[in-house]
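First comes the structure, then the notes that go with it.
Read-outs: derived from the displayed coordinates by stated rules, not from any lab. This structure is a prediction, so every number in the text was calculated from the model and none was measured. Here the Cβ positions follow ideal geometry from the backbone for every residue, glycine too, while neighbour counts run over all protein chains shown.
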Amino acid sequence: MIKLTINGQTVTAEDGMSILDAALAHGIEIPALCHDPDLKPESSCRLCLVEVDGRPWPRVACGTPVKDGMVVETNTPEIRATRREILQLLLDNHPNDCLTCQKAGECLLQKYAYEYGVTFRTHNGARRGGEKARFTDTSSPYILRDESKCILCGKCVSTCAELNERSVLSFAGRGFETKVAADRDETLEASTCVSCSRCVAVCPVGALIDRRVREKKIRPWEADRQTIQCKACEYGCEYEVLKKGDERVIRPLSPSGGRPLCLKGRLFVEAEVSSDLRTPYKKEETEKGRKFVRTTWIEALELDGILDRITCNETDSGK
């Protein structure tokens, strides 16, 4: 354990820990859009910039390891001004539809924009997504992908690469044209994506949302929420049950322990608690490529009539 000072407070941290993790461990919040404790640091959003004594320029807190005797300031006027500029640039390139966005109330970009007093402004510059439809990829029955809301934090790419055998998501393009692509820039239906929804669980904005929750028109902050564990296998991934009136719907939570979600587990939980069971889908290879096709619950879960025989593991992604 080593000692350092953050905002005048002496704290202890494990050697090798980042400034951001050390601060969070002691209840000191540093804003960040690309940070996830289960993923390697991306340092892409630059919102976690802090001042370190003896360094001539600000450092990213998520990618800078702590050192004994280090003195850190996280909230100076200069740092706050830089964060406001970053947030303003993100909003300049973001749809102004917070009133109807499924992520409203949970969106980190919305949270920090409010905290730093940054608002939308009118400009004639280019915007991500151009004049495309609001949801740029509606091919999946489970995931809606809206390119215009993507802030390129990289969390979906990282979680897909680190926790799946084969990464589906990656960055494509250069400069302003950079975007997140599925395989060779295909739709989620045509790609090798198996709809595990891990990317949805880590997305900080409304670029990736759960289609089933969206169609139910249930916002998490207005619903009764309960966390339950999946019983499909011994890992017990966590899901959140959202209840509003007589309607109930589930959504996956980001699993701990560095393992992926699986579609079989998600369907099992849906069959167990949903108030309106939707027809499950599976992906099949056809002459025209991969397609989602309707299937039966028995086939989707491979029950063989006995619930106790359901099994899944890291390599079983629900194909």
_How large is log10 of I(q)/I(0) for the range 2-75 at q = 0.25 Å⁻¹ when the intensity is taken from the Debye formula with one equal scatterer per alpha-carbon?_
-1.22
*Report the relative contact order of the range 117-252, percent, no decimals, based on alpha-carbon pairs under 8 angstrom and at least 6 residues apart.*
20
*List the GluC sites (Glu not before Pro) in the range 50-136 that DSSP assigns to loop (not H, G, I, E or B) and whose Cβ has at most 16 other Cβ atoms within 10 Å. Which are they?*
Glu106, Glu131
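When only Cα pairs under 8 Å and 6 or more residues apart are kept, what is the percent relative contact order across the chain?
Rounded, it is 13 percent for the chain.
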*Charged-residue dipole, Cβ positions (Lys, Arg, Asp, Glu), the range 2-75 about Cα centre, Debye nearest 20*: 200
*Proximal aspartates and glutamates to Lys67, defined as alpha-carbon separation beneath 15 angstrom and excluding residues fewer than eight positions away on the same chain*: Glu14, Asp15, Asp21, Glu51, Asp53
*asked:* Whole angstrom only: what separates the Cα centroid of the range 152-197 from the Cα centroid of the range 6-39?
replied: 28
_DSSP-assigned coil residues among trypsin sites (Lys or Arg not before Pro) in the range 180-270, each with at most 16 further Cβ atoms within 10 Å_ = Arg184, Lys217, Lys231
*Place +1 on the Cβ of every Lys and Arg and -1 on the Cβ of every Asp and Glu in the range 2-75, take the dipole about the Cα centre, and give the residue among Pro65, Pro41, Val52 whose Cα lies farthest towards its positive end.*
Val52
*Charges only on Cβ, +1 for Lys and Arg, -1 for Asp and Glu: so what's the dipole of the chain about the Cα centre, in debye to the nearest 20?*
840
*What are the GluC sites (Glu not before Pro) within the range 159-262 that DSSP puts in a loop, where the Cβ has at most 11 other Cβ atoms within 10 Å?*
Glu165, Glu234
*Mind listing the Cα extents of the range 134-207 along all three principal axes, in Å, largest one first?*
29, 25, 24
*Among Lys179/Lys264; Lys111/Lys282; Lys103/Lys216; Lys103/Lys155; Lys155/Lys244; Lys243/Lys283, which pairs are too far apart, with a Cα-Cα distance over 25 Å?*
Lys179/Lys264; Lys111/Lys282; Lys155/Lys244; Lys243/Lys283
*Computed E for Arg127/Thr192 - FRET, C-beta separation, R0 45 angstrom, nearest 0.05*: 0.90
